[in-house]
Amino acid sequence: MIKDIYDVVIIGGGPAGLSLAISLLQKQQLSVLIVEGQFEGEERIGESCPPDTIVLLKQLGVAREFYRANHKTCPGYASVWGKNDVGYNDFIVNPMGPSWRLNRKKFDSMLVERAVDLGANILWGTHFLNTEKTLDGYELRLRNRKLNKEQIIATHFVVDASGATARFAKSIGIQKKVEDRLFASVRFSKILEGTASKQVQIEAVSEGWWYSSILPENRLVTMMVVEKKQLMYLQNENYSGFEKALQDTKFISQRLKKLTTTDHEFYTWPIYSGILPEIEGKNWVAIGDAASSYDPVAAHGIYKGMNDGIEASAKILGFFNQEPKEDFFSAHVKIRYANYQKNRAFAYAMEQRWSQSSFWKHRNEKYASSEVFMVP
Ligand SMILES: Cc1cc2nc3c(=O)[nH]c(=O)nc-3n(C[C@H](O)[C@H](O)[C@H](O)COP(=O)(O)OP(=O)(O)OC[C@H]3O[C@@H](n4cnc5c(N)ncnc54)[C@H](O)[C@@H]3O)c2cc1C
């Protein structure tokens with residue numbers, strides 16, 4: 001039963017929003033509503049997580065469920081980047097163990113179940129449209145996608161966990177500072193025959209870079225990250241451009257040749273690198289990709305989102321218990337963004353084979369001069 005007013009409304013039920021709901025409700029009984037635009041169980045992007053994700057899962061009280069769900073591990077990366085030979089990066093040497101390759105459906109439903117068990121309410125298939133400030137919080141206008149029906153919900157505190165587009169921040173006039181816009185053309189497939197490599201495979205090409213990884217349940221994800229102008233070519237004639245570009249890769253195409261795949265499904269995801277100039281106010285905060293979104297070449301966005309959810313819960317508890325924690329969370333996000341900028345510049349600068357191609361030229365020029373955000 002959905003009420004008209006909540007202590008906290010979280011816009012977005014991705015890893016960040018769900019982790020925040022759990023972290024908050026573990027510590028204090030507040031009324032919490034999560035508003036999620038997707039319907040339950042819809043496809044989500046991202047499966048690779050670093051070994052220490054388990055530390056966050058323990059904090060959220062779901063480590064046992066995580067181990068039981070039989071997510072796969074990943075022994076490391078094989079990449080062709082900056083040179084023509086394959087380089088290997090092994091996780092076996094990491095004391096926290098191998099990195100994880102998630103079954104996203106199981107992972108997401110584990111977080112949903114935990115949040116609901118602790119008392120969170122979720123409105124699936126419902127978009128946040130806009131907001132008006134009230135004397136003691138905000139009124140949020142929402143639309144149910146199935147019924148095409150609008151409703152207004154009031155709240156004392158809003159969390160913007162709506163992903164890279166930062167919908168709530170935008171609606172209160174805070175525009176994300178976007179440094180770069182790339183696109184991922186993604187193909188999910190089912191493996192019918194053949195044994196795929198357990199390593200994640202990465203390959204730089206003149207117009208961008210490729211990523212391929214097996215997924216649980218014998219599925220495969222293959223994607224190319226490109227500039228917008230290249231996207232049209234990939235999507236051309238029912239994605240025949242994508243298939244052609246994949247065949248032209250030197251390394252990944254050879255690995256995939258050994259597999260028979262079927263049921264190809266194509267998606268396009270934007271990749272915005274950017275940060276909000278204001279990440280929090282007295283009674284709102286942005287977390288996960290809404291606060292700062294990264295290029296997946298240099299980041300683990302799922303881990304970052306969960307970590308933000310846990311960190312930002314302290315601000316919300318401070319608000320309700322009259323012990324405000326001003327700008328503590330923003331400082332954390334800004335320092336991390338500055339580190340990300342350095343890592344990203346380093347990763348792209350390693351590739352100099354196509355320094356005159358638009359993709360690599362733009363990235364290297366942009367990132368070499370990226371403004372580094374300093375702690376205020
Ligand atoms: C191509 C690609 C590959 C990636 N691969 C990986 C990977 O392997 N590993 C990894 O760690 N990260 C990966 N990432 C990054 C990762 O997906 C994100 O960083 C992570 O999902 C961020 O979590 P979040 O909860 O902040 O945002 P999201 O996961 O984007 O969740 C935001 C939620 O808000 C909802 N929403 C948006 N607008 C509204 C609205 N108006 N009303 C209601 N709901 C709304 C969306 O439906 C969504 O469910 C990848 C990203 C891309 C683009």
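The values are calculated or read from the model by the stated rules, or taken from the named source; none is laboratory data. The structure displayed is predicted, hence computed values, not measured ones. Neighbour counts are summed over all protein chains in view; Cβ atoms, including those assigned to glycine, are modelled from backbone coordinates with ideal geometry. Please note that ligands, DNA and RNA were not included when accessible areas were found on the heavy atoms of the full protein model with its side chains. Shrake-Rupley method; radii C 1.70, N 1.55, O 1.52, S 1.80 Å.
Remarks
- Some residue of segment 48-60 being small (G, A, S), open to solvent by less than 20 Å² (accessible area, probe 1.4 Å) and in the same structural domain as A312 (by TED's automatic domain parsing): no
- Pairs with Cβ under 8 Å, 6+ apart, first in segment 13-36 and of a type in the set (S, T, Y), second within 9 Å of the ligand (Cβ to nearest atom): S19/G305; S19/M306; S19/D308; S19/G309; S23/G309
- Listed by position, the helices (runs of 4 or more DSSP H) inside segment 282-376 whose residues that are open to solvent by 20 Å² or more (accessible area, probe 1.4 Å) and in the same structural domain as T53 (by TED's automatic domain parsing) number at least 1 are 301-320, 328-349.
- Any hit, segment 99-108, residues being under 30 Å from F359 (Cα atoms), touching a residue at least 24 places away in the same chain (Cβ under 8 Å), of a type in the set (S, T, N, Q) and in contact with a Phe, Trp or Tyr (Cβ under 8 Å, 6 or more places away or on another chain): yes
Yes/no matrix, rows are residues, columns are (1) surrounded by fewer than 15 Cβ atoms within 10 Å (Cβ to Cβ); (2) part of a helix (DSSP H, G or I); (3) within 24 Å of the chain's Cα centre (by Cα):
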| site | (1), (2), (3) |
| --- | --- |
| L234 | no, yes, yes |
| K250 | yes, no, no |
| D263 | yes, no, no |
| T268 | yes, no, yes |
| P277 | yes, no, yes |
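- Taking every residue in segment 319-338 that is over 14 Å from A291 (Cα atoms) and pairing it with any residue that is at pLDDT 90 or above and aliphatic (A, V, I, L, M), at least 6 positions away or on another chain, the pairs with Cβ-Cβ distances below 7 Å are F320/L30; K325/A314.
- Residues within segment 1-27 that are within 18 Å of R104 (Cα to Cα) and surrounded by fewer than 24 Cβ atoms within 10 Å (Cβ to Cβ), tallied: 0
- Residue count, segment 145-189 (criterion: more than 16 Å from Y272 (Cα to Cα), among the acidic types (D, E) and open to solvent by 30 Å² or more (accessible area, probe 1.4 Å)): 1
- Residue within segment 41-55 that is in contact (Cβ under 8 Å) with a residue 60 or more places away in the chain, more than 9 Å from the ligand (Cβ to nearest atom) and touching a helix residue (DSSP H, G or I) at 6+ places or on another chain (Cβ under 7 Å) present: yes
- Just one of the listed residues (V200, V186, V205) is more than 9 Å from the ligand (Cβ to nearest atom) and touching a residue at least 24 places away in the same chain (Cβ under 8 Å), namely V205.
- Selection count, segment 159-172, where residues are away from the ligand (no atom under 11 Å from the Cβ) and out of contact with any Ser or Thr (no Cβ under 7 Å at 6 or more places or on another chain): 1
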